[in-house]
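A quick write-up on the structure given underneath.
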Ligand SMILES: O=P(O)(O)OC[C@H]1O[C@](O)(CO)[C@@H](O)[C@@H]1O
């Protein structure tokens, strides 16, 4: 499709958010295939993918024992599954887990390694090139993506296991369907301990959060609508207080950019505290808040763009000695810093009894919030013209 067909003409929406848009008729988003429908299917996605992965012959991966390294290859949401694997495996994982976001695989990959190629469509040039390179170099390969895709054909030629994940929604709305097979592959390699109860509890939590965030629940009882309206008109700054919360923060960045079209700053507090936290003192931080004095023109004050912090707070799991306890002082400190400057801050606490569930507890509500924020601006969260145009303009450049 060319620029004229899918360019600026495809962009509709309103610069100013209007809460009435998310309290009204949302039938377009809740019909099968709509954005809210896809997010509400997170729990079922997880269960279905676990069953598909269990039947995909992943046990063959373990035949040659522990690998030297695991490379998760793909782009966008597919690449996020590698970040999730690394955080669920934790810092004591005996082998390195690396995300590879460009075509092919790193130069050192060879027969001692495992490559997990992930692509929701089964078509991304990056994942295809990774699968091809892995097979050529004799690395153990597992591929995850749409059934009957190029990726499946490639995996079959390489006699590698393939987990066929049905494609019912865009990749970013299929995070859980793509993630579970990656985790199950790592489980076969004894790199993560993921028991059935972890999957069941995580899926249950996703179901419960979907219920809390359902379209007919008003903003005062719906945490996603509340978060969306808190962020409306601001520059969201999403910081995670641990490596696990950092993954959730970056995921929220992906969703705010693609669905709500908001510029986002996201990261992990350990790193942020040594540099980026400086933005609290800038034009959109304390300088904007400083305008709130009794002499300020209220209209001008309203027009100022401000930062809004979302703090994803992970205080660790009692009794878990596989992961060092996160340093809670960082989360306290950033909330304090924001308070001193008058910058508003929403805190989302991690809950649950295992890493996967804790991650889900930080991702589910923000995922819904990104869609509600898009809808509040009259934007279609499913159509992202800039992404389609980018694809057109770079076709064949890989
Ligand atoms: O998972 P796939 O199909 O390889 O796509 C990779 C990425 O490309 C996009 O489709 C954008 O081009 C993203 O939405 C997606 O995460």
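The values are calculated or read from the model by the stated rules, or taken from the named source; none is laboratory data. Remember, predicted model here, so these are calculated numbers, not experimental data. Neighbour counts are summed over all protein chains in view; Cβ atoms, including those assigned to glycine, are modelled from backbone coordinates with ideal geometry.
Quick notes
- Of all residues in the stretch 98-114, those being crowded, with 22+ Cβ neighbours inside 10 Å and either at pLDDT below 95 or more than 16 Å from the ligand (Cβ to nearest atom) (or both) number 3.
- Among the residues of the stretch 229-243, those that are closer than 15 Å to residue 369 by Cβ and buried (at least 24 other Cβ atoms within 10 Å of the Cβ) comprise 231, 236, 237, 238.
- Within the stretch 65-78, at least one residue is out of contact with any strand residue (DSSP E or B) (no Cβ under 9 Å at 6 or more places or on another chain) and under 27 Å from residue 138 (Cβ atoms).
- Filtered residue count, the stretch 40-76, keeping only those that are part of a helix (DSSP H, G or I), under 16 Å from the mean Cα position of the chain (by Cα) and away from the ligand (no atom under 15 Å from the Cβ): 4
- Condition met for residue 358 (more than 16 Å from the ligand (Cβ to nearest atom), farther than 20 Å from residue 87 by Cβ and in the same structural domain as residue 272 (by the TED database)): no
- Candidates in the stretch 368-382 are the residues that are within 16 Å of the ligand (Cβ to nearest atom) and either touching a helix residue (DSSP H, G or I) at 6+ places or on another chain (Cβ under 6 Å) or in a helix (DSSP H, G or I) (or both); of these, the one that is farthest from residue 182 (Cα to Cα) is 374.
- Selection of the stretch 81-92 for residues being modelled with pLDDT of 95 or more and either over 16 Å from residue 165 (Cα atoms) or surrounded by fewer than 21 Cβ atoms within 10 Å (Cβ to Cβ) (or both) yields 82, 83, 84, 85, 86, 87, 88, 89.
- Here the condition is being at negative phi and touching a helix residue (DSSP H, G or I) at 6+ places or on another chain (Cβ under 6 Å); of 310, 365, 387, 347, it holds for 365 alone.
- Scan of the stretch 77-113 for residues that are over 22 Å from the mean Cα position of the chain (by Cα) and either closer than 17 Å to residue 129 by Cβ or without any contact (Cβ under 8 Å) to a residue 40 or more places away in the chain (or both), ordered by number: 104, 105, 106, 107, 108, 109, 110, 111, 113
- Search result, residues across the stretch 339-351 that are under 15 Å from residue 240 (Cβ atoms) and either not in a loop (DSSP other than H, G, I, E, B) or not assigned by the TED database to the domain that holds residue 265 (or both): 345, 346, 347, 348, 349
- Residue within the stretch 63-72 that is modelled with pLDDT of 95 or more, under 20 Å from residue 359 (Cα atoms) and crowded, with 17+ Cβ neighbours inside 10 Å present: yes
- Residue 205 vs. criteria within 16 Å of the ligand (Cβ to nearest atom), under 25 Å from residue 355 (Cβ atoms) and not in a loop (DSSP other than H, G, I, E, B): no
- Number of the condition not met by residue 36 [criteria: (1) part of a loop (DSSP other than H, G, I, E, B); (2) within 30 Å of residue 377 (Cα to Cα); (3) away from the ligand (no atom under 16 Å from the Cβ)]: (1)
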